[in-house]
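Remarks on the structure that follows.
The values are calculated or read from the model by the stated rules, or taken from the named source; none is laboratory data. Worth saying up front: this structure is predicted, and the values here are computed from it rather than measured. Backbone-built Cβ (ideal geometry, glycine too); neighbour counts: all protein chains shown. What goes into the accessible areas is simple: the full protein's heavy atoms, side chains included, and nothing from ligands, DNA or RNA. Shrake-Rupley method; radii C 1.70, N 1.55, O 1.52, S 1.80 Å.
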Amino acid sequence: PAAPADDASGLLQLGAAPRGGSRHEWADPIPEAAAAADAPRTMQTGQPSNYTICDRVGAKAWLTEQFVSYLESRFGIFIESSMNSLEVPEISGVKMGFGYSLNDIKIENVTVQNYSLSLMPGVGLKMKIVGVGANISGDYRVKGEAWWNPLQTSGSVTASLVPSETSLEAHLEAFLDPVGAPVIKVKDFFADIEVSDLKVRGSILSAVIELLASIFNGILHPVLQNVLESKLHEMIEQKIDKALAGFEFLMPLPLPAPYDSLFISFQPCSLETTAEYFAIGLRGEVFNAKNASYRYPADPLPLPEKPPPHAGGTMLALAMTKWIVNSALWELEKDGMFKQTITSEMLPPNALFKLDTWSMSSLVPSWAFKFPPSPVTLEVEADGAPKVDLANGDISLAAPSRVTMNTVEHNTTKMAAKFEVPLSGDVRFGFAPYAADQQKAWMNIEHIGFTPVKEVASNVGWLTVSAMATVMQATLGTMVLPWINARLNAGFPLPEAHGIGLANTTVRITDIFTVSSDVTWNLTETINHFFGGAAGMLKAMKGSGLQVGQGLSPANI
């Protein structure tokens, strides 16, 4: 069945990748999808918790409190470095009979005693920064406003933020944009600020000192709050949000040409925040880049509402049903992967069984009297898409097949007989190390069965149908199955992007696949990707008005 045009458009847009930098050169996105991706990313407001932007949800993921704790431990450097140091706009006005201006105000040497992230149901994350200390400095000018007040003075002033009385809190809203990319925005911001240790240089007049003290203890507070809030918006919405928007949610399946055009989409479809986890609905569907309009005709199976108990203690839990695997098998069947012709040249040289009329006379008795023997070929084709089933922790494979047996004489192929073979087997699935700090998923098909075989047609007389299972074992079991398993065992690497990957991944099989994993974050690789290294990050910070202060240097980055 063809997908709706708008759905196919969104798919192609998500599938687009930079040419030359990806394993595949995906089709260019069509204009409508490109326009949707370039449009302002707005919040999906007023939607129920089960709202989804996908017409199909084939998998579900949960990011747990353990993930938030890990994020908290890795995210602190960005918080402290982004506030270090800040430039405050000029403050001017009239107070106590004096006109005043404060300029070149800087907040430097920012320190944070405690930084925390926690889940906030219905919103996203709550970020608290407690014990904020900093040095404040600036220049002042004071001039009497009345004609009888000729006082005019200038100088510099310094003060400090009191860590025990200064804290910040922000509510970060998490949602999906119209094309399914995750978005984080600052929803609410609160600040408690206390300034002390005021030192005035350039004037000893008590009226000036009293004026500056009044400014620092009152007027400066809302200005500092606005500056800190603006910096948080910049950090979250220009850097982190940009990083999230750059993530690829398409993973190519590791198949040889010409079947290497399949990919699985983990596009987020829905996002819900509870006190215990982020629940993320995922598309989890396999598509063919050659023709994205072909879609598996069956609907996805139900998914659990909550993470399974045995996934506790890990950062990520992922639930998938057999629907994902079967959609991949359906696509491969349509692409012709399950159609193979086996010839005698493909058998190992030391094989006890040969594909010729003499060796197969137990199946076709009339061939016992045929001299010289003629070559025989077997055309094996799936009778519909293979399917897997899950039960009691086991994975079973059913692949009804048609086998056509041909003779080759004088370069002419003639059909000898046709059979229906109910191919079946067991499947093992797991994870293994792939490369440094990366894992792969692998599969293996075992215990292949070929009975009961059914005769469909014969041009060579009476057949010993019971011998066909032996023939299939000698050919498919020694030729086709090892070829398939070699590719399945090679596996495919688990997704990794910009230094963020998976570790300690395990799978549990009941009536669903449950994958449990931890998340790793290589901070250096992330900085290298988005800034071109530590020096590039410092350059970007300076370009945005920041100065390098205490606690931020190339070495400790």
Under the 7 Å Cα-to-Cβ spin-label approximation, ARG402 and GLU87 lie apart by a distance in nanometres of 7.6
Simple spin-label estimate for ASP188/PHE75, 7 Å along Cα→Cβ, in nm, reads 1.7
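What length, rounded to one decimal in nm, is gained on full extension from GLU145 through to ASN459, with 0.36 nm per residue of separation minus their alpha-carbon distance? Could the numbers behind the result be given before it?
Values: separation 314, 0.36 × 314 = 113.04 nm, distance 11.48 nm.
Here the segment from GLU145 to ASN459 would lengthen by 101.6 nm.
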Neighbours of PHE266 by Cβ distance under 10 Å: Lys/Arg at +1, Asp/Glu at -1, summed charge -1
PRE zone check, label point 7 Å out along Cα-to-Cβ of GLU381, amide N under 20 Å, scope the stretch 463-492, hits 472, 476, 480-481
Taking a probe of 1.4 Å and leaving out DNA, RNA and ligands, the stretch 270-359 shows per residue an accessible area in Å² of 46
Among GluC sites (Glu not before Pro) in the stretch 267-298, those in a DSSP loop whose Cβ has at most 16 other Cβ atoms within 10 Å are GLU276
Label model pair PHE371, GLU305: point-to-point distance (7 angstrom along the Cα→beta-carbon line) in nm is 7.8
Mean accessible area per residue over the stretch 99-177 (1.4 angstrom probe, all protein chains present, square angstrom) is 42
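Summing +1 for each Lys or Arg and -1 for each Asp or Glu, what net charge is found among the other residues whose Cβ lies under 12 Å from the Cβ of GLU169? Mind dumping the intermediate values first?
Working: positive: LYS126, LYS128, LYS187; negative: ASP188, ASP192, GLU229.
Result for the local shell: 0.
Can you give me the % of accessible surface on the stretch 369-434 that is carbon or sulfur? Probe 1.4 Å, all protein chains present, nothing else counted.
Details: 1750 of 3450 Å².
Carbon with sulfur: 51 percent of the solvent-accessible area.
Counting only protein heavy atoms and using a 1.4 Å probe, what share of the accessible area of the stretch 176-240 belongs to carbon plus sulfur, as a whole percent?
After summing per-atom areas, the C and S share lands at 54 percent.
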Output row, site LYS128, 7 Å Cα→C-beta label point, backbone N cut-off 15 Å, window the stretch 169-194, residues 169-172, 190-192
